[in-house]
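The values are calculated or read from the model by the stated rules, or taken from the named source; none is laboratory data. If you're wondering where the values come from, they're calculated on a predicted model, not measured in any experiment. With ideal geometry, Cβ positions are generated from the backbone for all residues, glycine too; neighbour counts draw on all protein chains shown.
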Amino acid sequence: MNRHGTRRRRRAQRIYRLLVRLYPAAHRRAFGEEMVQTFGDHYRDVVQARGGSRLRFWLAVLADAGTSLRTEHTAERRARGRRQAATPRRRHGRPTRRRRARQRLRYRRRITALAAMLVLAAAALGTGTATGHLGVSVLVAGLLVAAGLGYGMRPTRRTAAGPHGNGPTPPGGAGVREPRRPLPISSAGAAARPLP
């Protein structure tokens, strides 16, 4: 293997190491180094040994990282929710100082992520306009905005309807009586009853 290929692989691993920093801390501590090592081996096999396209390789890596980031952060959020459910909460009074500080930090993080997404999208559009590749820059900016909006979504689990499934009671059903229909009135003013 030549020195130029090794240098490119190390540079790609440094970039991927930045991408690994987006994973939750516990996942990063457990699997971070193995992920970078596996990425380096995969880069060497696909791009250097077989001569594959670097752009196609990076697009596949980013797509895979996007789905796994969402999965890991969802799992982390669920685990955090389980831990919070296990700890006793204050029932009365104002929120504690620690909770208020956590809420402020969460909003700051969201605003910072939104600002970073907008700056990256604007940079992609500006670069595409300056270089004459507006179509590609619009695609990249759209992917950045979609990834940013998708990252903020919280997937919810479907709940069964009904009184025992924690969901809302559906309209109608066995427990709901239909209203009675009024009997038709004859011209004489008496209610006409159907003959048996």
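Only residues that are within 18 Å of L62 (Cα to Cα) and in a helix (DSSP H, G or I) were counted in segment 9-26, giving 12. Does Y43 qualify as being in contact with a Phe, Trp or Tyr (Cβ under 9 Å, 6 or more places away or on another chain) and part of a loop (DSSP other than H, G, I, E, B)? So Y43 does not fit the description; no.
Quick one: is A49 within 30 Å of H4 (Cβ to Cβ) and either assigned by TED's automatic domain parsing to the domain that holds V20 or modelled with pLDDT under 80 (or both)? The answer is yes for A49.
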